[in-house]
């Protein structure tokens, strides 16, 4: 049993149905707000799971996730993952390799997001999720097309991952 004594829970918080919003493809200003180093599904490597929060526009406060291979039996997967982490470190002005992720938290950057469709392992239904394809400096211009897309509402989708 979890004891919430002393935890400042907001009684006026908006109720969530557990789903998430699939953002339209485009560029978004975001910052890393949490991370978790975990085993990959085959227990043969490590993945850095990061959550990024959009910081402006209609989708401000929405959360995007990315899973970055840190160690992997595939040298190519590992090189891509570690290269992505190095890119994020450089954008956040954190020396690579980092000792921890503290210096990455809360630093704005621009992420390029795509929408991917997949079939649920549980239900067989077609679902959509976001995939981060690129990390850029926070001063990167966001094209007008992305800003227009940011004003188009998207429905709630079933969460694709456990967090």
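Where a number appears in this text, it was derived from the coordinates with a stated rule and is not lab data. Only a predicted model underlies this, so the values are computations on that prediction, with no experimental measurement involved. As a convention, Cβ positions derive from the backbone with ideal geometry for all residues, glycine included, and neighbour counts pool all protein chains shown.
Computed quantities for the displayed model
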| read-out | value |
| --- | --- |
| Euclidean distance of C-alpha centroids, region 25-81 and region 87-123, integer Å | 5 |
| Fewest-first ranking of 61, 138, 129, using other Cβ atoms within 10 Å as the exposure measure | 61, 138, 129 |
| Among 77, 31, 92, residue whose mean-square fluctuation peaks in a GNM of the chain (springs only between Cα atoms under 10 Å) | 77 |
| Contact order relative to length of region 1-62, as percent, for alpha carbon pairs under 8 angstrom and 6 or more apart | 26 |
| Residue-averaged [θ]222 nm for the chain, counting only DSSP H segments that reach four residues, each worth -39500 (n - 2.57) | -4500 deg cm²/dmol |
| Exposure proxy order (Cβ contacts within 10 Å, fewest to most) of 10, 35, 139, 66 | 10, 139, 35, 66 |
| Most fluctuating residue given options 67, 40, 12, as computed from a GNM of the chain linking Cα atoms under 10 Å | 12 |
| Average Cα contact separation per residue, region 62-139, under 8 Å, 6 or more apart, as relative contact order % | 27 |
| The chain: relative contact order as a whole-number percent, Cα under 8 Å and 6+ apart | 28 |
| Net length gained if the chain between residue 140 and residue 102 were fully extended (0.36 nm per residue, minus Cα distance) | 11.3 nm |
| Rounded if a/c under 1.5, otherwise prolate or oblate - region 22-150, Cα gyration tensor axes | oblate |
| Residue among 28, 59, 96 with the largest mean-square fluctuation in a Gaussian network model of the chain, springs linking Cα atoms under 10 Å | 96 |
| Proxy reagent accessibility, fewest Cβ within 10 Å first, across 85, 37 | 37, 85 |
